1. What residues qualify as long-range amide H neighbours of Asp4, i.e. H under 5 Å apart, gap of 5 or more or another chain, H built at 1.01 Å from N?
2. Near Glu120, within a Cβ-to-Cβ distance under 14 Å, what is the net charge of the other residues, with Lys and Arg +1 and Asp and Glu -1?
3. Along each of its three principal axes, how wide is the spread of alpha-carbon positions in the chain, in whole angstrom units, largest first?
4. Once you've got the Cα coordinates, tell me which of Lys170/Lys232; Lys27/Lys232; Lys180/Lys230; Lys10/Lys232; Lys27/Lys230 are over 32 Å apart.
5. Based on C-alpha coordinates, I'd like the Rg and Dmax of region 112-225, in Å.
6. Considering just Cα atoms, how many Å³ per residue does the convex hull of region 1-118 enclose?
7. Identify the trypsin sites (Lys or Arg not before Pro) of region 6-40 meeting these criteria: DSSP loop state and at most 16 other C-beta atoms within 10 Å of the C-beta.
8. Tell me which residues come under 5 Å, amide H to amide H, from Val118 once H is placed; ignore anything under 5 positions away on its chain.
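Only the coordinates and a few stated rules stand behind these numbers; no lab work does. No experiment lies behind these values; they were computed from the predicted model shown. Every residue, glycine among them, receives a Cβ derived from its backbone with ideal geometry; neighbour counts consider all protein chains shown.
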Amino acid sequence: MRNDLTIYDKVADDWWSDEIRWVRTLKNLVPGRLAWMDRQIDWTGRDVLDLGCAGGFMAEALDDRGAAVTGIDPAANAIAAARSHAEQAGRSIRYDVGVGEDLPYEDARFDAVVCVDVLEHVQDLAQVLAEVTRCLRPDGVFLFDTINRNMLARLATITVAEDILRLLPKGTHDPSMFIKPAELRAAMDKAGLEPGRFTGLGPRGVNRRLDLTFGPLPLTAILYMGTARKPKVSP
């Protein structure tokens, strides 16, 4: 089975335990993403949606930066784990169960939408981007990462990461759902977003547990991240 999204619910009880290697990989990606995203926006006091938040790694990192965070994900067990962990720490993060194609929020609700490790899994990319645009305030920012669609990306993410190194469970991704940067720019433009800068994301080293650490890279051939902005309302 490809594009297996049941994996997030299956490990929800151990999401914050640091005992599952592939979950640690997801956790280790957060600082690498934010090393670049922090330069694109001042999070302090911003209303931010973490779209596809799973068990809450990115949501809690954004909360640490002073954002007012809402997280949403279709994995109900993962949302329960995220909510429980936030409550134990006294965090005021809101968590909802839902999908990107039908966000349960009013128009212009958020200053920013963060969407990492998600776009390559959704059933209707155009509808997700339309919902992101609707929920963003004028001049709001969309920050994302996803996987390029080419032979190198397939080799790195499927053959190496899933099949050989087991950095992710086998079947996590369907390579036919990967998205070329030009396709994503066109889809964002059609949804009413103004695409900004794209950059690469990838391994930068290893930590004491011999897990990979990540950060921005110039190469966008495999993983890439970027921004788009909802246009300001005309005066």
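1. Thr172, His173
2. Counting the neighbours of Glu120, the net charge comes to -3.
3. Each principal axis gives a Cα extent; for the chain these are 55, 43, 31 Å.
4. Distance filter (> 32 Å) returns Lys170/Lys232; Lys27/Lys232; Lys10/Lys232.
5. 14.9, 45
6. Taking the convex hull of the Cα positions in region 1-118, it is 108 Å³ per residue.
7. Details: sites: Lys10, Arg21, Arg24, Lys27, Arg33, Arg39; in loops: Arg39.
Taking region 6-40 and a limit of 16 other Cβ atoms within 10 Å, the loop trypsin sites (Lys or Arg not before Pro) found are Arg39.
8. Placed amide hydrogens put Asp145 under 5 Å from Val118.
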